[in-house]
Amino acid sequence: MKQTIVNKIKEKEWQKSLDIIHTAGNIIRNGGTVVFPTETVYGLGANALDPRAAGRIFKAKGRPLDNPLIVHISNGKMLEDIVQDISPQASLLMAAYWPGPLTLIFYKKDCIPPETTGGLETVAVRMPNNPIALQLIEEAGVPIAAPSANISGKPSITSGKYAVEEMENRVDMIILSEDSTIGIESTVVDMTTGLPLVLRPGKISQSAILRTISTDEADYLNKSAELEELINSKKSNQSIPRSPGMKYRHYSPDAAVLLWSRERLTLLFEDILNSDDPKTLWEKLRAEGQESSVPLHKVKVFTTDDALDRYGEFGISLGNNGEEIGKNLFKTLRDMDEMGIELIFCEDFEQIEQNEFLAAVMNRIRKAASVD
Ligand code: TXA
Ligand code: MG
């Protein structure tokens, strides 16, 4: 078992903790592993150029070896050192969104070992928007490969508390900070297919990306149509490039997660709150083909502030809007496990509000519920 050094740094006061970040940078440069905050989720980092260091990430997470890592950089020179070619479209996207929650996939140079990319010829790169993360990369002096800092298959980690609970004694150092501001992982975009193609949705939407690389409205509409065609042709060839990671079980808490509409949940919980009899729930579930004998005190419903009172003591609010739901989702899933909850109903938030960020959040919820 590793002896993990744990330190806390306040993001706004990061300059007071340069010595800690310096130590962390040395650990990375010498082949060790460091958990650190980013604006999306906490990352589990190691030297992206060192195959053995990359191997330590896979071991600490229990991650399948063919699932490639995102490489984090802090300046343009680092990017030039690791990728073959930077297209004008990629330059526009980087100027607009870096540092930020956007990961771009390029053809890699030989200095990035296959261990980092799961054997692929491409590499995913991101410049995170967190001063501690950026300073850590500068101190390390090498690009840092960093997946989300959770055990493989579990919800990503967005708070220091869960970073320590999950990763203590698995890594060399943990840098704690405030909760991640965005709460879901970066948008992953393939830059090797002609037009930027979103493989994993996130804070930066596909349409924002197309707008950024378009000269005017007509160009934007053309590019949207072209992209649609590209996606359809890939689908019919069954070769749509997907993030290899998308095929694995994801974001799963110990509890079962069921995704229902607000209307159905409201009716169900009216009955449950009236009768207080767990059989009311079990019979409804049986009608859906699900055998369950979960006691009522181990059941919760994820909802928003305005609908909380429909569910009595069962309701848990994830917030007021898509931004708040995204920020709170992974932490609340972990809170439920800590409380011993066995069944989580989650409202289908897309019925209530529609925007591209909420769609990205729902993508994570569907995976947690194993319906995608
Ligand atoms: O916000 C984030 O992106 C966080 C923070 C720590 O930066 N990192 C993160 O990493 O979410 P991870 O490993 O949990 O997810 C990386 C995703 C996976 O779905 C992986 O398959 C995909 O990116 N990916 C990485 N390299 C790729 C490549 N060369 N081609 C296609 N997909 C790739
Ligand atoms: Mg992950």
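The values are calculated or read from the model by the stated rules, or taken from the named source; none is laboratory data. Everything quoted here is computed from the prediction, not taken from an experiment. Counting neighbours? That spans all protein chains shown, and the Cβs are built from the backbone with ideal geometry, glycine included.
Quick one: in the range 115-139, of everything that is out of contact with any Asp or Glu (no Cβ under 9 Å at 6 or more places or on another chain) and free of Cβ contacts under 8 Å to residues at least 60 places away in the same chain, which residue is nearest to ALA90 (Cα to Cα)?
Checking each candidate, the answer is VAL125.
Tell me, which residue of the range 283-310 that is part of a helix (DSSP H, G or I), of a type in the set (D, E, K, R) and more than 27 Å from the chain's Cα centre (by Cα) is surrounded by the most Cβ atoms within 10 Å (Cβ to Cβ)? Break it down into steps so the answer makes sense when it comes.
Keep residues of the range 283-310 that are part of a helix (DSSP H, G or I), which gives 283-287, 296-298, 305-310.
Next, only the ones that are of a type in the set (D, E, K, R) stay: 283-284, 286, 298, 305-306, 309-310.
Right, trim to more than 27 Å from the chain's Cα centre (by Cα) and you get 283-284, 286, 309-310.
On the way: GLU283: 12, LYS284: 16, ARG286: 12, ASP309: 9, ARG310: 18.
The extreme case among them is ARG310.
Counting just the residues of the range 62-98 that are within 16 Å of ligand 2 (Cβ to nearest atom) and of a type in the set (A, V, I, L, M), which one comes out surrounded by the most Cβ atoms within 10 Å (Cβ to Cβ)?
Keep residues of the range 62-98 that are within 16 Å of ligand 2 (Cβ to nearest atom), which gives 62-72.
Now restrict to residues that are of a type in the set (A, V, I, L, M): 65, 69-71.
Details: LEU65: 12, LEU69: 27, ILE70: 25, VAL71: 29.
The qualifying residue surrounded by the most Cβ atoms within 10 Å (Cβ to Cβ) is VAL71.
Return the pairs, sorted by first residue and then second, in which the second residue is outside any loop (DSSP other than H, G, I, E, B) and charged (D, E, K, R), the first residue lies in the range 17-41 and is touching a residue at least 12 places away in the same chain (Cβ under 8 Å) and closer than 16 Å to LYS61 by Cβ, the beta carbons are less than 7 Å apart, and the residues are 6+ apart or on different chains.
Cβ pairs passing all conditions: THR33/ARG56.
I need the full set of residues from the range 32-59 which are closer than 17 Å to SER186 by Cα and polar (S, T, N, Q), in order please.
THR38, THR40
What is the number of the single condition among (1) of a type outside the set (A, V, I, L, M); (2) closer than 22 Å to TYR251 by Cβ; (3) in contact with a helix residue (DSSP H, G or I) (Cβ under 7 Å, 6 or more places away or on another chain) that GLY31 does not meet?
(2)
Looking only at the range 199-216, which residues are more than 11 Å from ligand 1 (Cβ to nearest atom) and not in a loop (DSSP other than H, G, I, E, B)?
Once the filter is applied, which keeps residues that are more than 11 Å from ligand 1 (Cβ to nearest atom) and not in a loop (DSSP other than H, G, I, E, B), the range 199-216 yields GLN206, SER207, ALA208, ILE209, LEU210, ARG211, THR212, ILE213.
From the list GLU115, GLU138, exactly one residue is surrounded by fewer than 19 Cβ atoms within 10 Å (Cβ to Cβ) and under 16 Å from ALA46 (Cα atoms). Which is it?
Details: GLU115 fails: surrounded by fewer than 19 Cβ atoms within 10 Å (Cβ to Cβ).
Step by step, each of GLU115, GLU138 is checked, and only GLU138 is surrounded by fewer than 19 Cβ atoms within 10 Å (Cβ to Cβ) and under 16 Å from ALA46 (Cα atoms).
How many of the residues making up the range 169-191 are over 25 Å from THR4 (Cα atoms), within 16 Å of ligand 2 (Cβ to nearest atom) and among the aliphatic types (A, V, I, L, M)?
Counting residues in the range 169-191 that are over 25 Å from THR4 (Cα atoms), within 16 Å of ligand 2 (Cβ to nearest atom) and among the aliphatic types (A, V, I, L, M) gives 3.
MET246: modelled with pLDDT under 95, among the hydrophobic types (A, V, I, L, M, F, W, C) and under 26 Å from LYS59 (Cα atoms), yes or no? If you could, list the steps in order and put the result at the bottom.
Details: modelled with pLDDT under 95: yes; among the hydrophobic types (A, V, I, L, M, F, W, C): yes; under 26 Å from LYS59 (Cα atoms): yes.
Yes: the conditions hold for MET246.
Does any residue of the range 122-131 turn out to be more than 22 Å from GLY202 (Cα to Cα), out of contact with any His (no Cβ under 6 Å at 6 or more places or on another chain) and at pLDDT 95 or above?
Just the residues of the range 122-131 that are more than 22 Å from GLY202 (Cα to Cα), to begin with: none.
The answer is no, given that none of the residues of the range 122-131 is more than 22 Å from GLY202 (Cα to Cα), out of contact with any His (no Cβ under 6 Å at 6 or more places or on another chain) and at pLDDT 95 or above.
Check every one of the helices (runs of 4 or more DSSP H) wholly within the range 71-190 and list those with 2 or more residues that are within 10 Å of ligand 1 (Cβ to nearest atom).
In the range 71-190, 114-117 are the helices (runs of 4 or more DSSP H) which contain 2 or more residues that are within 10 Å of ligand 1 (Cβ to nearest atom).
Please verify whether GLU115 is under 16 Å from PRO244 (Cβ atoms) and among the acidic types (Asp, Glu), treating the condition exactly as stated. Lay out the reasoning, then the answer.
Details: under 16 Å from PRO244 (Cβ atoms): yes; among the acidic types (Asp, Glu): yes.
For GLU115, the condition - under 16 Å from PRO244 (Cβ atoms) and among the acidic types (Asp, Glu) - is met.
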